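Asker: The structure follows.
The values are calculated or read from the model by the stated rules, or taken from the named source; none is laboratory data. Everything numeric here is computed off the predicted structure, so don't read it as measured data. Neighbour counts are summed over all protein chains in view; Cβ atoms, including those assigned to glycine, are modelled from backbone coordinates with ideal geometry. Quick note on the areas: whole protein, heavy atoms, side chains included, nothing else; ligands and nucleic acids left out. Shrake-Rupley method; radii C 1.70, N 1.55, O 1.52, S 1.80 Å.
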Amino acid sequence: MTQVSHQQWGEVPGLGSVDLWVLQSSQVRVEVLTLGAIIRSVYSRGKDGQMEDVVLGYDDLEGYVSDKRYLGALVGRVANRIGRGHFVVEGKDYQLDINNGPNALHGGLRGFNKAIWLATAVDGGIQLSLTSPDGDQGYPGEVQVSVSYTLQGETLTAEYQARSNKTTPINLTNHSYFNLAGQGAADMYDHVVSISAQSFLPVDDTSIPTGEIRAVEGTPFDLRKPVLIGPRLKEIPGPGFDHNFCLSSPGDTWAERHAARVCHPASGRVLEVSTSQPGVQFYTANFLDGSITGKGGARYRKHNSFCLETQNWPDAINQLAHHSPCLLPLCALLCRVWKAVC
């Protein structure tokens, strides 16, 4: 049985009050903020019986208000990158704000991660909802979106729904950074990772997919069998993993699939992720640089955590061979974007 409670956690000037919701089962405790639908904490028990918070975050609301690394946040309207912030829908050009090199990233300068969501209790969890007006961050159409976080035993499930009155791209995900040793651990080199993908998307020097869908066979991106991540990171060109792994191909039947498994042998903690989305972006915190002070005074540095961002393929709106991210008017999007077993 999951206990659900909430309390006021602070106030954002000009936006309103922010609540902290707690989902508590016998094995796991999850904390969620109404700001950005942020997963603030996930406490999980190790083989020594001790509960540890395995999600990076901040001690206070100000940390999340000023955060630029999307710690724990729901990102949208479009997660990941859109090349040069430009796309065409129904013959009309749209130009978004540029906030990541030459590209648009994670919904814009003030994406869904900076909005205060309306929260209501549901069986075993919480539902958060938001209305994004037509033209928000440059995107067409008014979009009504919601996410439900529910906890059953050790399983945390995120289910997203969206509806628009115009054709518009939608790609939603959660951007939690995990370290199964505990959120203050120095690195995640002792984690063992596997991802159930036969192929991945190579990227250019601005992290936009090149258009090639490349087999993982014979490359450092072959994570189909468990791999100790520290040595494997030394084989990856660039600062680390920040790539889409292809869980399904365009035209495949919609289905929930196993995506990834991460194990921390020293603590005995395991994170398993499944999703109905066609891809998972595996990111190894390449751009954390020690400038962020997190919970308990921890300094968050490069490779101290990882993200498993289940989502559509990056820049899909501009790449015809990819899964279309467009939501049509009067149609509803329903997807189990992220299901994690801690």
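Asker: Among the candidates Arg45, Arg29, which residue alone is out of contact with any Phe, Trp or Tyr (no Cβ under 9 Å at 6 or more places or on another chain) and either open to solvent by 10 Å² or more (accessible area, probe 1.4 Å) or not hydroxyl-bearing (Ser, Thr, Tyr) (or both)?
Answerer: Arg45
Asker: I've got another one for you. Please pick out the residue among Leu15, Leu23, Leu35 that is of a type in the set (A, V, I, L, M), under 22 Å from Ser129 (Cβ atoms), in contact (Cβ under 8 Å) with a residue 60 or more places away in the chain and loosely packed, with under 13 Cβ neighbours inside 10 Å.
Answerer: Sole residue among the options that is of a type in the set (A, V, I, L, M), under 22 Å from Ser129 (Cβ atoms), in contact (Cβ under 8 Å) with a residue 60 or more places away in the chain and loosely packed, with under 13 Cβ neighbours inside 10 Å: Leu15.
Asker: May I ask you to say which residue of Thr150, Thr131, Thr120 is in contact (Cβ under 8 Å) with a residue 40 or more places away in the chain, part of a strand (DSSP E or B) and more than 23 Å from His323 (Cα to Cα)? If you could, list the steps in order and put the result at the bottom.
Answerer: Values: Thr131 fails: in contact (Cβ under 8 Å) with a residue 40 or more places away in the chain; Thr120 fails: in contact (Cβ under 8 Å) with a residue 40 or more places away in the chain.
Just one listed residue meets the conditions, Thr150.
Asker: Also: Can you tell which of Ala259, Ala255 is under 19 Å from Gln311 (Cα atoms), open to solvent by less than 60 Å² (accessible area, probe 1.4 Å), among the small types (Gly, Ala, Ser) and part of a strand (DSSP E or B)?
Answerer: One residue alone meets the criteria, Ala259.
Asker: If you don't mind, there's one more thing I want to ask. Confirm whether Leu33 is among the hydrophobic types (A, V, I, L, M, F, W, C), under 22 Å from Asn244 (Cβ atoms) and under 21 Å from the mean Cα position of the chain (by Cα).
Answerer: Criteria not met by Leu33.
Asker: May I ask you to list the residues in the stretch 274-307 that are open to solvent by 10 Å² or more (accessible area, probe 1.4 Å) and either charged (D, E, K, R) or within 16 Å of Val75 (Cα to Cα) (or both)?
Answerer: Within the stretch 274-307, Gln277, Tyr283, Asp289, Lys295, Arg299, Arg301, Lys302 qualify.
Asker: Return yes or no: is Gln144 surrounded by 23 or more Cβ atoms within 10 Å (Cβ to Cβ), touching a Lys or Arg at 6+ places or on another chain (Cβ under 7 Å) and farther than 21 Å from Ala316 by Cα?
Answerer: no
Asker: If the requirement is being under 18 Å from the mean Cα position of the chain (by Cα), open to solvent by 70 Å² or more (accessible area, probe 1.4 Å) and either over 22 Å from Thr131 (Cβ atoms) or not acidic (Asp, Glu) (or both), which of these qualifies: Leu74, Leu109, Leu118?
Answerer: Leu109
Asker: Could you run through the stretch 262-273 and say how many residues are open to solvent by 10 Å² or more (accessible area, probe 1.4 Å) and among the β-branched types (Val, Ile, Thr)?
Answerer: 1
Asker: Then there's this: Kindly list, by first and then second residue, each pair from a residue in the stretch 298-313 that is under 14 Å from Gly240 (Cα atoms) and modelled with pLDDT of 95 or more to a residue that is open to solvent by less than 10 Å² (accessible area, probe 1.4 Å) and of a type in the set (Phe, Trp, Tyr), limited to pairs with Cβ atoms under 6 Å and residues at least 6 apart or on different chains.
Answerer: Close Cβ pairs (under 6 Å, with a partner that is open to solvent by less than 10 Å² (accessible area, probe 1.4 Å) and of a type in the set (Phe, Trp, Tyr)) amount to Ser305/Tyr177; Ser305/Phe178; Phe306/Phe178; Cys307/Tyr177.
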